[in-house]
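The values are calculated or read from the model by the stated rules, or taken from the named source; none is laboratory data. All values reported here derive from a predicted model rather than from experimental measurement. Using ideal geometry, Cβ is built from the backbone for each residue, glycine included, and neighbour counts are taken over all protein chains shown. Just the protein is used for accessible areas: all its heavy atoms, side chains included, with ligands, DNA and RNA removed. Shrake-Rupley method; radii C 1.70, N 1.55, O 1.52, S 1.80 Å.
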Amino acid sequence: MCGIVGYVGNRQGLNLALEALRRMEYRGYDSSGIAVAGSDGLNMVKRAGKLANLEDKIADVGQESLAGTTAIGHTRWATHGRPTDDNAHPHLAYDGKAAVVHNGIIENFAALREELERDGVELVSDTDTEVAAQLLAKAYNEGETAGNFRDSALTVLNRLEGAFTVLFLHEDHPGTVIAARRSTPLIVGVGDGEMFLGSDVAAFIEHTKQAVELGQDSVVVITADDYEILDFDGRPAEGRPFTIDWDLQAAEKGGFDSFMMKEIHEQPAAVRDTLAGHFADGRVFLDENNISETELKSFDQVFVVACGSAYHSGLLAKYAIEHWVRIPVQIEVASEFRYRDPVLDERTLVLAISQSGETADTLEAVRHAKTQGAKVLAVCNTNGSQIPRESDAVLYTHAGPEIGVASTKAFLAQVAANYIVGLALAQAKGTKFPDEIKEIWERLEEIPAQIEQVLETKDDIQSIADTLGAVQTMLFLGRNVGFPVALEGALKLKELAYIHAEGFPAGELKHGPIALIEEDLPVVVVVPSPRGVKLLHSKIVSNIQEIRARGARTIVIAEEGDTAVEPYANWLIRVPQTPSIMQPLLATVPLQFLAADIARACGNDDIDKPRNLAKSVTVE
Ligand code: F6R
C-alpha cells in the first residue's frame with residue numbers, strides 16, 4: 001500500500017507527480033504530498049485526506065512556489081501515526097534540504113528515533129519514515145559521506161530494517177532522485193530525456209511503456225537521461241527491462257462512473273484473456289510455469305493460501321481440484337498459515353493466490369512454505385510483483401489493472417486460473433481423460449459470453465437495491481460451490497456498504513444463524529443447478545422455504561430453467577446454464593452489482609475507495 005512516484009526530466013515535476021498520485025490513489029488515500037527540487041531549492045506541500053485536499057493546498061500556495069523538474073510524491077495508507085498533515089509524506093530533514101517518501105515499515109525505527117533524539121534532532125511526526133529523512137541529513141552533513149548524496153543514501157539504507165521502498169531527494173542535487181526497494185514494489189519508467197519511478201506502472205504509463213523491474217535490495221539513481229542500478233553496498237546490479245502491455249485507457253474509467261463498475265464490465269475479457277493460450281492440441285499448458293510435468297504428477301496434496309476475495313477464489317480451487325484430481329486440498333487464510341505449522345513437504349503444491357502479488361500475509365506464507373520444502377505456484381495479476389518473484393512458478397491472471405479497491409474482475413480471473421491449475425494437475429496425474437479435459441475446457445471458454453449475459457441483469461439488480469433501500473444487515477447462503485460465492489457476496493457488501501453481512505453454508509442455517517432471520521431481512525440464496533447433484537438442489541429449496549416461513553425476503557440466484565425456486569423467491573436473478581463447478585463465475589456478478597447499488601442507497605458514492613481499506617496490504 002501507499003503509492004510512490006519520482007520524476008526527473010524537463011517538465012514541471014509538480015504536475016507529473018500530481019497526475020501520477022491521481023492514478024495511484026487507490027493504493028492509499030488518507031494523505032498525500034509532493035516535494036519538488038528546482039532553482040528555488042527544495043519545496044514541499046502535503047495534506048491529510050484525499051488528493052483533492054492536496055490540490056486545494058497547492059492552489060492556496062500557488063504552483064509557482066513548487067517549480068522544478070525533479071519531484072517525489074506519495075499517497076498514504078497509514079501504518080505508523082494517524083493520517084494528519086504532519087504524518088503525511090514527504091518528510092523533511094531537520095535542515096530542510098532532504099525529503100523522503102516511503103512505503104512499507106521501518107521495523108527498527110524506534111531505536112533509530114531514540115538515537116536521533118539523543119543527538120539533538122527534533123522529530124516532528126509520529127511516522128517511522130521521518131527517521132530516514134533525518135538520517136540522510138546527518139549522513140550528508142557530517143562524517144565520511146558528507147556532501148555525497150549517493151553514499152549518504154547508501155549509509156541510511158544499510159541502517160534500515162524491515163520492508164520498504166524509499167525515495168530520497170536533496171536540494172543540492174536537483175537533477176537526481178535516489179530510490180531503493182526491499183520487499184515492496186518499485187518500478188523504473190524509462191522516458192526520452194526523463195525518468196520515472198513508481199510503485200506501479202500506473203504512475204507513468206501515460207508517458208512511457210518502457211520499464212525496468214528492480215530486484216530485491218536494489219538501489220536506483222535516476223537522472224533525466226539515465227538510470228543506474230546498484231546493490232545496497234553500491235556495487236552495480238541488474239534490473240529486468242520490460243515493455244508495459246497495459247494502456248492508459250486500462251488505467252482510467254473508460255466511461256463508467258467508477259473503476260469498480262468498469263472492472264465488473266471487464267470481467268468477460270478478464271476471464272477470456274486469462275484462459276487464452278492455455279489449451280492447445282488437446283492439452284492444458286501452464287506456459288509461465290517452471291514446475292515440470294513430473295513434479296506436477298508427484299504432488300499428493302495441495303495447500304491454498306490467500307486473503308479476502310483471493311481466499312474465496314481458493315475455496316473454489318479446492319472444490320475443483322479435489323473433484324478433478326482426487327488429491328486432498330487444504331486451504332488456509334494466509335495470515336494464519338505459518339503460525340499453525342502446517343504439514344508440508346516436497347510433495348505438497350502450495351497455491352498462493354494474490355491479485356497484487358504484494359500482500360504481506362500471502363508473501364510470508366509463500367516464504368514459510370518454501371522453507372518447508374513445498375513447491376509454490378503463484379496465481380497473480382501483477383507482473384513482476386514480489387509473490388511471483390519468490391514463488392517457484394507463476395500463472396498470471398490477465399485481468400489488467402484493478403483500481404477499484406474491492407476486487408471484482410481479478411476475483412473471476414483467479415477462479416479461471418485456479419481451474420487451469422486444476423486441469424493441468426488432472427492431466428499430469430491422469431485423473432481425467434483428455435476428452436474429459438477438452439469438454440471442461442470448452443465449457444470454460446463459453447463463460448465469457450455467459451458473463452456478458454449476466455451483466456444485463458444490472459438494471460434488475462438496481463431495482464432490487466432501490467426497493468430494499470438502506471438495509472441494516474443481510475445474509476448470504478449457498479451450498480457447495482455456491483458457498484464461496486455467498487462469502488464473496490457478503491464481503492463485497494461489507495466493504496462497500498459498511499453494513500453487517502454474513503455468508504453461510506445453507507446447511508448450517510439450522511445450527512445457529514437461523515436465529516438471525518426476522519421479518520423483512522433480505523437473504524441472498526445462491527442455488528446450485530438442478531441438473532447437477534439433485535439432492536443439493538432440493539436441500540437448498542427447502543432452506544429457502546424455511547427462511548421465507550420466518551419472514552425473510554429472498555433474493556434468489558438460480559440458473560435458467562430452474563422453476564422449482566420460483567414460488568419462494570421475492571426476487572429471482574437468472575444466470576445461464578453451465579456445469580455446477582463453473583456457476584460461481586456467473587453467480588458472483590449480480591452480487592457485485594448488488595453490493596455497489598446498496599452502497600449507493602446507503603449514501604456511499606465512492607465505491608472505488610471504501611473507508612479504511614487499501615488495494616494492496618503490504619503489512620501483516
Ligand atoms: C476484497 C479484496 C481483498 C483482497 C485481499 C487480497 O474485495 O479486494 O479482500 O482480495 O486483500 O489481496 P491480493 O489478492 O492482492 O493478495
Checklist line | So Ala352, is it within 12 Å of the ligand (Cβ to nearest atom) and over 22 Å from Leu296 (Cβ atoms) | finding: no
Item checked: Failed condition for Met474, given (1) open to solvent by less than 10 Å² (accessible area, probe 1.4 Å); (2) part of a helix (DSSP H, G or I) -> (2)
Next item on the list: Return yes when Gly603 is without any contact (Cβ under 8 Å) to a residue 60 or more places away in the chain and either open to solvent by 10 Å² or more (accessible area, probe 1.4 Å) or not assigned by TED's automatic domain parsing to the domain that holds Thr75 (or both) and no when it is not.
Entry: no
Item checked: The one condition in (1) surrounded by fewer than 20 Cβ atoms within 10 Å (Cβ to Cβ); (2) away from the ligand (no atom under 16 Å from the Cβ) that Leu585 fails to fulfil -> (1)
Next item on the list: Among the residues of segment 329-358, write down those that are of a type outside the set (Asp, Glu) and out of contact with any helix residue (DSSP H, G or I) (no Cβ under 7 Å at 6 or more places or on another chain).
Entry: Gln330, Tyr339, Arg340, Pro342, Val343, Thr348, Leu349, Ser356
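To keep it simple, each residue is scored yes or no on (1) part of a helix (DSSP H, G or I); (2) open to solvent by 50 Å² or more (accessible area, probe 1.4 Å); (3) in the same structural domain as Phe411 (by TED's automatic domain parsing).
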site: Leu487; (1), (2), (3): yes, no, no
site: Ala490; (1), (2), (3): yes, no, no
site: Leu493; (1), (2), (3): yes, no, no
site: Phe504; (1), (2), (3): no, no, no
site: Ala515; (1), (2), (3): yes, yes, no
site: Glu519; (1), (2), (3): no, yes, no
Notebook entry, point to check: Quick one: which of Gln301, Gln330 is modelled with pLDDT of 95 or more and open to solvent by 60 Å² or more (accessible area, probe 1.4 Å)?
Noted result: Gln330
Next item on the list: Any chance you could count how many residues in segment 599-620 are in a helix (DSSP H, G or I) and within 15 Å of the ligand (Cβ to nearest atom)?
Entry: 1
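Per-residue answers, yes or no, for (1) surrounded by fewer than 21 Cβ atoms within 10 Å (Cβ to Cβ); (2) acidic (Asp, Glu):
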| position | (1), (2) |
| --- | --- |
| Glu144 | yes, yes |
| Arg150 | yes, no |
| Val156 | no, no |
| Leu167 | no, no |
| Ala179 | no, no |
| Val190 | yes, no |
| Asp200 | no, yes |
| Thr223 | yes, no |
Check: Here is a list of conditions, (1) closer than 23 Å to Val121 by Cβ; (2) part of a strand (DSSP E or B); (3) aromatic (Phe, Trp, Tyr), and Phe196 meets all of them except one; can you say which number that is?
Finding: (1)
Next item on the list: Only residues that are buried (at least 23 other Cβ atoms within 10 Å of the Cβ) and more than 30 Å from Pro610 (Cα to Cα): list them for segment 256-277, please.
Entry: none
Next item on the list: Give segment 61-84 a look and list any residue that's closer than 19 Å to Gly13 by Cβ and surrounded by fewer than 19 Cβ atoms within 10 Å (Cβ to Cβ), or say none.
Entry: Val61, Gly62, Gln63, Glu64, Ser65, Ala67
